[in-house]
């Protein structure tokens, strides 16, 4: 038996050894790349969550308040209504503090300053909603001042209070006493999601309400416009258009559009929708239209990919049985491509949700305090000024008060959670509707 | 004397500049199985697809010549290919049932052509088609199950049932057994033998034994030409053209 | 005829053809040997010829097996099918010719005891030579696929028949002249009949060759003088 070229199988020859070593090295590179990415991700998450988690709990002052009908009348007829209500709050607070002997050694003004300026408006809303409360004593939860909140979250200490003009060490002492009493507690901050934005002086009252609403309206616009237009364009290009140089040019352009920087769409939106079509600036309608333009290429490309992945045997089978081209597309190809299209749409929406640059250019960066209505007679559909989640984040990072850092991080966490939900939905829908053929 | 169902004269097919079918004349008889044989790329599938205008879906394909079914020119501008394909059914090489239930697979054709007035009619059509395709006993208890869940041979029978549900007069089969195992193949061949009592069948096949077993007339294609067309027995025992002899004997040249 | 794409198929067909040619050669030899040993009344030579028939029989079996194998494996059609079917028939015919030669050899010792009949031996020898030459030509026609040659073999059977008829009348005359001749004449007659049968078989072979090559069995009645003498000739 002559020696074969390969020698014994039980001994690895040098060539194979080298190859195995190279593959092992490559695997190491891959793993370390993943490791680096993971570390970066972890650092990002830790820093965001570290900064933002605290925004979900807010310090509230809870004590009994009395008001009678005459006081309500007087307050309602006053010029500065919230101011009048503030006075009533302060009166009630004083009663409470003296009753429980918490006020010794601390000036009254300090005590009053511990309540957020927002409290008056809150109280007023409460009374107007529930007029029967007049004449009774009820427990009221009012936001504490931003600095007090900061004290409980570790931002403010006795030392910094000395230098800070918005808070005094005496207030901190009172705060401790109230906390021991159980009157000053940290609650889950639902208001973070429902409140509109607040001014620099009242970071404790700042919320994402308007931003969430604005983003929702825009997503609605994008969904209603980009999905049908994108899918229809895709179907036409893929199934019906004759192969000619025109369709080639269109295809190339669509692919390029997906790579265009988003801020260019902002300029486009400004020029067309605001200057030419004279739609309202900062409205979710304009924002939605701009984002539609941005998302269209993504949807078209992913829809085309889904359509292309349907094997031609299905189309042949439908045609063979006597279906027209249109019937074969709508009865057979589209249902099969639906999971892919859906996934592409949701991913496009998720991308649009996080876009900031184009929205800045069309003016959605303004400070908006009223909830935008979906439709109003003079502004039209989605025409009232609004802001959006990512823009709100940008806005808050510009503010000076350190409490806004916390809130910006909280908003980022909220945004990330929305994105996670949307992506999870995409995966779930894909798995549910995926069919084998 | 059997009558002529499909009459093709002077048929030329071009794929762009490639002259794929060169001047083919053939008369296909009614209630007969006609086999198209020939080496790969000889044009038999292309010619088959001319008979139900499936080549229309290919942009670069041009068909010239006269093709008549029941003496009506199928390439006449007044003819709607969709209507033609209800009359001329097709079964493909790889079984391709729709990813729907067995019932919906068979019912789709009659539905879109408006052949059933109500659900009861449709049920009847589905049952008849499945029986004719020898699939009823296996499928009747799971009409709602997905068509893609059947075995290969069953799927192909489902495709045959789907094709005959539109009450066609002609059945075109493009290598229907090439993806199936020998037992499924034998079952399909048996089915074809029964089907020829009701339909004209044209079958393209790579297997000469299959053509010999299944068909009454055979056409041998070579490089786009129809070299010989005649009774199957004669083609396989004593063909006239030496090219036919070479091909069926497995000779080069 | 061009080659098969599968070269093993060609090799199989060639090997079967070689076997036929070999068998044919052996049968030709057997015919000549039987005739010559009869004429020379050489018992030992006849015995060798008789025993050699076993080889011929074995070859027929081998050819049958080979042909069946190729038919099963290759599913031949048209020319190839006709070739293989013909080979089976040719082998069968050759085997029977060989048997007749063996028969001739078997009768030689018996005839050696008896007095020779003048003229009969040489006539038989001439007949055998003619049949052997026909066989050689038939085999040539098979190998060369020569229809014309095969056709000419068919025609020569007429001569063999005529030679047989002549011998038949001679034997009748001998037997009528002297009843002591009857035994020898009967044996000789059987041998002559066998040679005439050999001629018919070789003609069958030639017709098989024509079928194999052209696909058509020659229909016209071959020239025969088989129905021999009627009562009037006597």
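At 0.692 mPa s and 37 °C, plugging the Kirkwood radius over alpha-carbon pairs of the range A:15-81 into Stokes-Einstein gives what diffusion coefficient in µm²/s? Kindly include the intermediate steps, with their values, before the conclusion.
On the way: Rh = 18.6 Å.
Value of D from the Cα-based Kirkwood radius: 176 µm²/s.
Per DSSP H run of at least 4 residues, take -39500 (n - 2.57); add these up for the protein assembly as shown, divide by its residues and hand me the 222 nm value, nearest 500 deg cm²/dmol. Present the calculation step by step, with values, prior to reporting the outcome.
Working: 34 runs with 543 residues, N = 924.
It comes out at -19500 deg cm²/dmol, rounded to the nearest 500.
For the residues B:136, A:396, A:245, A:375, what sequence is obtained by ranking on other C-beta atoms within 10 Å, fewest first?
On the way: B:136 17, A:396 24, A:245 7, A:375 11.
Sorted ascending by nearby Cβ count, the order is A:245, A:375, B:136, A:396.
Using only Cα atoms, find the angle between the long axis of helix C:182-214 and the longest principal axis of chain C, and express it within 0 to 90 degrees, rounded to the nearest 10.
Relative to chain C, helix C:182-214 is tipped by roughly 20 degrees.
Quick one: in chain B, what % of C-alpha pairs are over 29 Å apart?
Working: 9629 of 31878 pairs.
Across chain B, Cα pairs with separations above 29 Å total 30 percent.
Convex hull over the alpha-carbon atoms of the range A:323-437: what's its volume per residue in Å³?
Numbers: hull volume 17.6 nm³, N = 115.
Measuring per residue, one finds 153 Å³ for the Cα hull of the range A:323-437.
How large is log10 I(q)/I(0) at q = 0.13, 0.14, 0.21 Å⁻¹ when the Debye formula is applied to the Cα atoms of the range A:98-154, each weighted equally and without solvent?
Summing over Cα pairs of the range A:98-154 leads to -0.46, -0.53, -0.98.
Report D for the range A:159-242 in µm² per second (integer): Stokes-Einstein, Kirkwood Rh on Cα pairs, 10 °C, 1.306 mPa s.
On the way: Rh = 17.8 Å.
Using the Kirkwood radius from Cα pairs, D works out to 89 µm²/s.
How many partner chain Cβ atoms sit within 10 Å of a residue's Cβ in peptide B:76-84, on average, as a whole number? If you can, show how the numbers build up before the last one.
Working: counts 0, 0, 0, 0, 2, 4, 7, 1, 1.
The mean count of partner-chain Cβ atoms within 10 Å per residue comes to 2.
Enter the mean number of other protein chain beta carbons within 10 Å of the beta carbon of each residue in C:3-9, as an integer. Please list the in-between numbers first.
On the way: counts 4, 5, 6, 2, 0, 0, 3.
Average neighbour count from other chains, rounded to a whole number: 3.
With angles folded into 0 to 90 degrees, how steeply does helix C:7-39 sit against the dominant principal axis of chain C? Use alpha carbons for both and round to 10.
10 degrees
Students often check this: by mean Cβ neighbours within 10 Å, which of B:144-151, C:164-171 ranks highest, and how do the rest follow? Working shown, then result.
Numbers: B:144-151: 16.4, C:164-171: 18.5.
Result, highest mean Cβ count within 10 Å first: C:164-171, B:144-151.
To the nearest whole number, what is the average tally of beta carbon atoms from other chains within 10 Å of the beta carbons of peptide A:334-341? Write down the numbers at each step before the final one.
On the way: counts 0, 3, 2, 0, 0, 0, 0, 0.
Average neighbour count from other chains, rounded to a whole number: 1.
Using Cα pairs closer than 8 Å and at least 6 residues apart in sequence, work out the relative contact order for chain A, in percent.
Details: 575 pairs, mean separation 82.0, N = 437.
The value is 19 percent.
Once you put a point 7 Å from the Cα of residue C:114 and another 7 Å from the Cα of residue A:129, both along the Cβ direction, what distance in nm separates them?
Output for this residue pair reads 14.2 nm.
To the nearest 0.05, what FRET efficiency results for residue A:47 and residue A:431 with a Förster distance of 25 Å applied to their C-beta separation?
On the way: r = 33 Å, r/R0 = 1.32.
Given R0 = 25 Å and the Cβ-Cβ separation, E is 0.15.
What translational D, rounded to a whole number of µm²/s, comes out for the protein assembly as shown from Stokes-Einstein when the hydrodynamic radius is the Kirkwood one over Cα pairs, at 37 °C and 0.692 mPa s? Don't skip to the answer; put the middle values down first.
On the way: Rh = 38.8 Å.
Using the Kirkwood radius from Cα pairs, D works out to 85 µm²/s.
Applying a 10 Å radius around every beta-carbon, put C:81-89, A:95-103, B:102-110, A:404-412 in order of their mean neighbour count, most first. Before the final figure, lay out each step's value.
Values: C:81-89: 18.9, A:95-103: 15.1, B:102-110: 25.0, A:404-412: 23.1.
Highest mean packing first, the order is B:102-110, A:404-412, C:81-89, A:95-103.
Which of the peptides C:29-42, B:228-241, B:114-127 is most tightly packed, and how do the rest follow, judged by the mean count of other Cβ atoms within 10 Å per residue?
Numbers: C:29-42: 20.6, B:228-241: 17.2, B:114-127: 13.7.
The peptides rank, most packed first, as C:29-42, B:228-241, B:114-127.
Distance in nm between label sites at residue C:58 and residue B:57, each 7 Å beyond Cα in the beta-carbon direction?
6.6 nm
What's the center-to-center distance, using Cα atoms, between the range A:407-437 and the range A:248-327 in Å?
Each part reduced to its Cα centre gives a spacing of 21 Å.
For a quick check: sort B:181, C:47 by the number of other beta carbons within 10 angstrom, fewest at the front.
Values: B:181 11, C:47 15.
Sorted ascending by nearby Cβ count, the order is B:181, C:47.
On C-alpha positions alone, give me the angle between the axis of helix C:78-113 and the longest principal axis of chain C, in degrees, nearest 10.
The helix C:78-113 is inclined about 20 degrees to chain C.
Once you wrap a convex hull around the alpha carbon atoms of chain C, what is its projected area averaged over all directions, in nm²?
If I average the Cα hull's projected area over directions, I get 13.2 nm².
Under the definition of Cα pairs under 8 Å and six or more residues apart, what whole-number percent is the relative contact order of the range A:78-224?
Details: 122 pairs, mean separation 29.2, N = 147.
With pairs under 8 Å counted, the relative contact order is 20 percent.
With all distinct Cα pairs included, what does the Kirkwood hydrodynamic radius of the range C:71-148 come out to in Å, to one decimal, could you say? Don't skip to the answer; put the middle values down first.
On the way: mean 1/r = 0.0644 Å⁻¹.
Result for the range C:71-148, one decimal place: 15.5 Å.
Over the Cα atoms, compute the radius of gyration (one decimal) and Dmax (the largest Cα-Cα distance, rounded to a whole number) for chain A, in Å.
Just the Cα atoms of chain A yield Rg and Dmax of 30.5, 117 Å.
Can you compute the modelled spin-label distance between residue C:69 and residue C:126, with each label point 7 Å from Cα toward Cβ, in nm?
4.6 nm
Can you tell me how much longer the chain between residue A:241 and residue A:376 gets when fully stretched, taken as 0.36 nm per residue apart minus their C-alpha distance, in nm with one decimal?
On the way: separation 135, 0.36 × 135 = 48.60 nm, distance 4.15 nm.
Answer, rounded to one decimal: 44.4 nm.
Give me P(r) over the range C:1-54, computed from all C-alpha to C-alpha distances, binned every 5 Å, as integer percentages.
Values per bin, smallest distances first: 4, 18, 18, 14, 10, 8, 8, 7, 6, 4, 1.
Please report A:218, A:422, B:90, C:176 as a ranked list, fewest other C-beta atoms within 10 angstrom at the top and most at the bottom.
On the way: A:218 30, A:422 17, B:90 27, C:176 12.
The order, fewest Cβ neighbours first, is C:176, A:422, B:90, A:218.
Values in this text are rule-based calculations from the coordinates and carry no lab data. Nothing here was measured: the structure is a model prediction, and the numbers come from that model. Because the Cβ atoms are built from the backbone with ideal geometry, glycine has one as well, and the counts that use them run over all protein chains shown.
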